[in-house]
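The values are calculated or read from the model by the stated rules, or taken from the named source; none is laboratory data. Just so you know, these numbers come straight off a predicted model, no measurement behind them. All Cβ positions, glycine included, derive from the backbone under ideal geometry; neighbour counts span all protein chains shown. The accessibility values were calculated without ligands, DNA or RNA, using every heavy atom of the protein model including side chains. Shrake-Rupley method; radii C 1.70, N 1.55, O 1.52, S 1.80 Å.
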Amino acid sequence: MSGFVIPAPQVTSLPVHGSTDRFPVRRIFCVGRNYADHAREMGHDPDREPPFFFTKPADALLTDGAALAYPPATGDLHFEAELVVALGAGGSQVASTDAQRLIWGYAAGNDMTRRDLQAEAKRMGRPWDMAKGFDASAPCGAVYPVDQTGPMDKGRITLEVDGQLRQDACLSQMIWPVAQIIAHLSRLVRLAPGDLIFTGTPAGVGAVQRGQTMTVRIEGLGDLVTQVT
Ligand code: MN
């Protein structure tokens with residue numbers, strides 16, 4: 001009889017709203033600069049760039065209500081409120097007109113970023129992995145099935161820190177809407193069931209300190225609450 005030589009890693013998963021079942025997570029993809037006002041605040045021209053992507057490890061997920069231990073190697077930890085798309089089907093070379101078929105549900109997410117490491121990586125022409133893919137860098141709420149939400153192409157997205165509004169936008173302000181994100185990403189990798197896509201953040205990103213509580217709120221998806229400890 002053969003087996004694994006060390007204990008096999010657990011499958012990472014998210015709760016499903018209104019169910020005791022869970023959504024198993026395969027990979028986490030993220031879109032960079034998908035709202036014009038955020039692209040501008042980061043010093044870029046939003047009209048000249050196709051969508052680009054980076055990843056986080058699946059086990060960087062942090063569920064709603066779990067504490068986020070302030071990560072090492074940074075003095076500038078930033079929040080980024082984002083709509084998350086959960087894929088129930090995969091494919092490559094997916095047409096944007098066919099992309100809706102891949103979507104199993106949606107969640108509220110927070111693309112936590114070590115902004116100082118990201119700035120250094122940009123300056124040095126190095127990868128973003130250690131700025132974006134650190135432990136617990138992907139707080140994410142329960143997955144809401146698409147048959148309950150409908151397409152999430154409008155609706156308010158906000159982030160509060162200790163009750164103070166810091167980000168406030170509408171999902172309709174995305175440069176690349178969800179269907180086009182899926183189409184673009186599927187030309188780079190074969191998408192698979194269980195993949196999550198963080199769809200980018202609006203303007204207003206900023207630093208968060210130990211002891212502060214972040215609340216991401218997306219109309220129709222409930223709240224994602226994360227305290228930094
Ligand atoms: Mn982001």
Open item on the list: Just the number please: accessible area per residue for region 1-98, 1.4 Å probe, all protein chains included, in Å².
Closed with: 54 Å²
TODO: Kindly identify region 25-181 as rounded, prolate or oblate by the Cα gyration tensor criterion: order the square roots of the eigenvalues as a ≥ b ≥ c, call it rounded if a/c is under 1.5, otherwise compare a/b with b/c, prolate if a/b is larger, else oblate.
DONE: rounded
Open item on the list: On a 1.4 Å probe surface of the protein chains, which of 26, 166 comes out largest in accessible area, and what is the full order?
Closed with: 26, 166
Open item on the list: Using a 1.4 angstrom probe on the protein heavy atoms only, could you order 27, 115, 190 from most to least accessible area?
Closed with: 190, 27, 115
- [ ] Measure out, as a whole number of angstrom, how far apart the alpha-carbon centroids of region 1-24 and region 152-229 sit.
- [x] 24 Å
Task: Hits among lysines - C-alpha to C-alpha of residue 122 under 30 Å, sequence gap 8 or more where chains match - done: 56, 132
Task: Debye, to nearest 20: dipole size of the chain, +1 on Lys, Arg Cβ, -1 on Asp, Glu Cβ - done: 520 debye
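Would you mind telling me the share, in percent, of accessible area of region 13-227 contributed by carbon and sulfur at probe 1.4 angstrom?
Looking at region 13-227 in its full context, I get 48 percent from C and S.
How would 42, 1, 130, 214 line up by accessible area, probe 1.4 Å, largest first?
So, going from the largest accessible area down, we get 1, 130, 42, 214.
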Open item on the list: Rounded to whole Å, give me the distance from the Cα center of region 28-46 to that of region 67-133.
Closed with: 12 Å
Task: Helix-only CD estimate at 222 nm, as mean residue ellipticity for the chain, using -39500 (n - 2.57) per DSSP H run (n ≥ 4) - done: -3500 deg cm²/dmol
